[in-house]
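These notes concern the structure reproduced below.
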Amino acid sequence: MASLKKLPSPITILFIVIIIAAAATWLLPAGEYDTLSYNSGSFTISTVKGDKAVPVTQHTLDSLKILITLDKFKSGDIFKPVAIPGTYHQLKSNKQGFLEVIQAPVKGLYDSSDIIFFLLFIGGFIAVFQRTGAMEEGVAWLSHKMKGQEAWLIIIITFFFAFCGAAEGMAEEGLAFYPILVPLYLVAGYDLLVPVAVIFAGTNIGNMASFSNPFSTVIASNAAGINWTDGIYERLLFFAITTVITIWYIVRYAQKTKKHPATSLVYRFDGAVKSNFPAFDTEGGQKVKLEPRNALQIVIFLGTIGIMIGGFIEGWSMVGATALFIVSSMLIAVIARMKEKVFMDTFIEGVKSLVSVTLIVGVARGVTIVLNDGHISGTLLFYSAMMVGKMHAVWFILMMMVMYMVFTLFISSSSGMAVLTMPIFGSLAVIVGVPGKEIVNAYLFGMGIMGLVTPTGIMLPSLNIANVSVKAWLRFVYPLMVILLLVSAVFLVVGVL
């Protein structure tokens, strides 16, 4: 593991990925597929020659060999441009040079502004909540109640995150939980990897085994021309198996490091690294009684998170969620009788604390910008389709999973991945004789496995906010990835036999 100790910082890693993506635009021919968009009751085909309106009929979709039914467009289930099978064409090369590489992170920050402000205001909200002392008292109280049963904190909370990921696609929202769960697990005697595994791996496993996620399973199924409930029972079984495996893996590591702290991967790779959040001592006579005012503030904190999750399920934008954190911050400050200047200073300090996280988010988006501006995303998809088009069903479905793992390194958006690839691979599946639900599963499994380590997703923001190094995380997670890969392969092969 000596090589892991030489890994650069998260932002440097992302710059390297941007450079690799730019280099690819010099090596691969530029190309793209024509796309079909639905907007304001009309279909528009976008080609290199311009846009053309076409009739909004099922016949139009059938003639374009798009397997999606018309009602999916009209209902809003498909809201992004869909690639049209058989329309790939090469374009004039648009090589990304030094200037484009330097500008990519800046463009990424602009492009990610909604998520960035969402995260910054979460930082302010959390700082205000911490300032009241309610978090310290709440963690101390819960730790006292769970003394001797700390493993259940891992089991229950990991299942919660996995379920939220599988049901509604929780991902970035999980970042809001670190300030309360990091101190909780430190008090329980675990290291900093445990809260990262519980939150990040938990939500990721849920998304991997999604049975109703509107941003992945539903969109991908619609784009593949099947009902999203097709295969739901298999995915529920897969969710149960992979969640149990993940919980077992985390608990096993947590109990081992609690009993023998020297075995901690954080300690081994990072040394005595301190948490970004205070670790509360529940020994030495510290009170464990929960005062009514602090209990009310905790209810508001948890209620805010609950409303946020429910809001996203109902279709909230990041703007609505960000406004929620502003209102909740002020409400907590009023209940705590916090002076206006103290409130503003605390809120601003909280915003500052997450600036590095938002920089990572913006730079990561820069990778996608380079690929799109270089017009090689369509080329990668075209050659991938050429490679697997004549394979046996078993090899086809396994290669699909591997390809989605590779694509995830460059395209972290689950909905974007679905509308870009599913119309193409869905058509290939019909020719090869693979059920559409298995293509969706290959997409979910591939993105889920690689999502645990891809630098363009939320891995780096998660590690940064918890103050865990990439090298420690990679050493922790790669055995789990191997297990999940084997389980996924078995499910896919059984599904096509």
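Just to be sure I understand, how many residues within segment 171-194 are under 15 Å from VAL357 (Cβ atoms) and not hydrophobic (A, V, I, L, M, F, W, C)?
5
Please work out which residue is modelled with the lowest pLDDT, limiting yourself to segment 63-103 and to residues that are in a helix (DSSP H, G or I) and surrounded by 12 or more Cβ atoms within 10 Å (Cβ to Cβ).
Filtering first and then ranking leaves LYS72.
Of everything in segment 429-487, what is hydrophobic (A, V, I, L, M, F, W, C) and touching a Pro at 6+ places or on another chain (Cβ under 8 Å)? Give them in sequence order.
Across segment 429-487, the qualifying residues are ALA429, LEU460, LEU463, ALA466, VAL470.
Say whether the condition of being modelled with pLDDT under 90 and within 22 Å of ALA220 (Cβ to Cβ) is met by at least one residue in segment 39-50.
For segment 39-50, residues modelled with pLDDT under 90 and within 22 Å of ALA220 (Cβ to Cβ): present.
Would you confirm, using the coordinates I've provided, whether PHE301 is at pLDDT 85 or above, of a type in the set (Phe, Trp, Tyr) and under 17 Å from ALA134 (Cβ atoms)?
yes
Contact list please: Cβ distance under 8 Å, first residue in segment 73-85 and closer than 11 Å to ILE219 by Cβ, second residue of a type in the set (Lys, Arg) and assigned to a helix (DSSP H, G or I), pairs at least six apart or on different chains.
Close Cβ pairs (under 8 Å, with a partner that is of a type in the set (Lys, Arg) and assigned to a helix (DSSP H, G or I)) amount to ILE78/LYS72.
Quick check on my filter: what residues within segment 462-475 are farther than 17 Å from ILE16 by Cβ, surrounded by fewer than 24 Cβ atoms within 10 Å (Cβ to Cβ) and in contact with a helix residue (DSSP H, G or I) (Cβ under 8 Å, 6 or more places away or on another chain)?
The one that is farther than 17 Å from ILE16 by Cβ, surrounded by fewer than 24 Cβ atoms within 10 Å (Cβ to Cβ) and in contact with a helix residue (DSSP H, G or I) (Cβ under 8 Å, 6 or more places away or on another chain): ARG475.
Among the residues of segment 31-62, which ones are buried (at least 19 other Cβ atoms within 10 Å of the Cβ) and either outside any helix (DSSP H, G or I) or touching a residue at least 60 places away in the same chain (Cβ under 8 Å) (or both)?
Those that are buried (at least 19 other Cβ atoms within 10 Å of the Cβ) and either outside any helix (DSSP H, G or I) or touching a residue at least 60 places away in the same chain (Cβ under 8 Å) (or both): GLY31, GLU32, TYR33, ASP34, THR35, LEU36, TYR38, PHE43.
Considering only segment 377-410, state which residues are at pLDDT below 90 and either of a type in the set (Phe, Trp, Tyr) or closer than 24 Å to VAL453 by Cβ (or both).
Selection gives SER377, LEU380, LEU381, PHE382, TYR383, SER384, MET387, VAL388, PHE407, THR408, LEU409, PHE410.
Give me the helices (runs of 4 or more DSSP H) completely within segment 176-237, filtered to those with at least 2 residues that are over 25 Å from GLY315 (Cβ atoms), ordered by residue number.
Helices (runs of 4 or more DSSP H) meeting the threshold: 178-187, 193-196.
Could you please give the count of residues in segment 258-272 that are surrounded by 20 or more Cβ atoms within 10 Å (Cβ to Cβ) and in a helix (DSSP H, G or I)?
Qualifying residue count, segment 258-272: 3.
From the set of residues in segment 131-175 that are of a type in the set (A, V, I, L, M) and not in a helix (DSSP H, G or I), which is surrounded by the fewest Cβ atoms within 10 Å (Cβ to Cβ)?
Top of the filtered list is MET146.
Going by the conditions given, is MET391 part of a helix (DSSP H, G or I) and aliphatic (A, V, I, L, M)?
Here the answer is no, as MET391 does not meet what is asked.
The values are calculated or read from the model by the stated rules, or taken from the named source; none is laboratory data. This is a predicted model, so every value here is computed, not measured. All Cβ positions, glycine included, derive from the backbone under ideal geometry; neighbour counts span all protein chains shown.
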